[in-house]
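Quick notes on the structure that follows.
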Amino acid sequence: MSLFVRKPMGALLNEAAETGEHTLKKTLGAKGLIALGIGAIIGAGLFSITGMAAANHAGPAITISFVVAGLGCLFAGLCYAEFASMIPVAGSAYTYSYATMGEFIAWIIGWDLVLEYAVGAATVGISWSRYLVKFWMDLVSPYLLN
């Protein structure tokens, strides 16, 4: 058996049709997805970290970096739109890579997605712990100085 065995589109669609009662239901609309995105931005402390980086390191080039990051987000959104239109089955880059490039590449993509989510969760945890330490220091330090 080859590591690059691909799953045919018909097999993907048949599996999706067989699991009718066990499929994921759409629960988030446009407002929910926007709120989720804003929560992720605030949760990661983007505004404070970006401000410190701009003040200490980047200067006016920060504007250019925001434009480049916006273009990267635009292209990522277009890629996921292509995934959804080519393979209309629940899944993401994993399903797309399984159908187009094979099982081994899909396995790598799957673990890459797990790593991405773990790093994202760690970033949010670090940012929130900074906020908590600052809050406690502001709350406790007046009593320690007296």
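Here's the yes/no breakdown for (1) among the polar types (S, T, N, Q); (2) modelled with pLDDT of 75 or more; (3) surrounded by 11 or more Cβ atoms within 10 Å (Cβ to Cβ):
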residue	(1), (2), (3)
LEU24	no, no, no
ALA35	no, yes, yes
GLY39	no, no, yes
SER48	yes, no, yes
GLY72	no, yes, no
GLY77	no, yes, no
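If you take the residues in the range 79-116 that are under 18 Å from the mean Cα position of the chain (by Cα) and touching a residue at least 24 places away in the same chain (Cβ under 8 Å), which one is surrounded by the most Cβ atoms within 10 Å (Cβ to Cβ)?
Here the answer is THR95.
Just wondering, is there one or more residues in the range 117-126 that are among the aromatic types (Phe, Trp, Tyr) and touching a residue at least 24 places away in the same chain (Cβ under 8 Å)?
Step one: of the range 117-126, the residues among the aromatic types (Phe, Trp, Tyr) are 117.
If we keep only those that are touching a residue at least 24 places away in the same chain (Cβ under 8 Å) as well, we get none.
Within the range 117-126 (the criterion being among the aromatic types (Phe, Trp, Tyr) and touching a residue at least 24 places away in the same chain (Cβ under 8 Å)), the answer is no, since none of the residues qualifies.
Looking only at residues in the range 59-70 that are farther than 24 Å from VAL119 by Cα and assigned to a helix (DSSP H, G or I), which one is modelled with the highest pLDDT? If you could, list the steps in order and put the result at the bottom.
If we filter the range 59-70 for residues that are farther than 24 Å from VAL119 by Cα, which is where we start, we get 59-61, 63-64.
Within this subset, residues satisfying the condition of being assigned to a helix (DSSP H, G or I) are 61, 63-64.
On the way: ALA61: 79, THR63: 82, ILE64: 85.
Across the range 59-70, the extreme among qualifying residues is ILE64.
The values are calculated or read from the model by the stated rules, or taken from the named source; none is laboratory data. Everything quoted here is computed from the prediction, not taken from an experiment. Methodologically, a virtual Cβ is constructed for each residue, glycine included, from the backbone with ideal geometry; neighbour enumeration extends over all protein chains shown.
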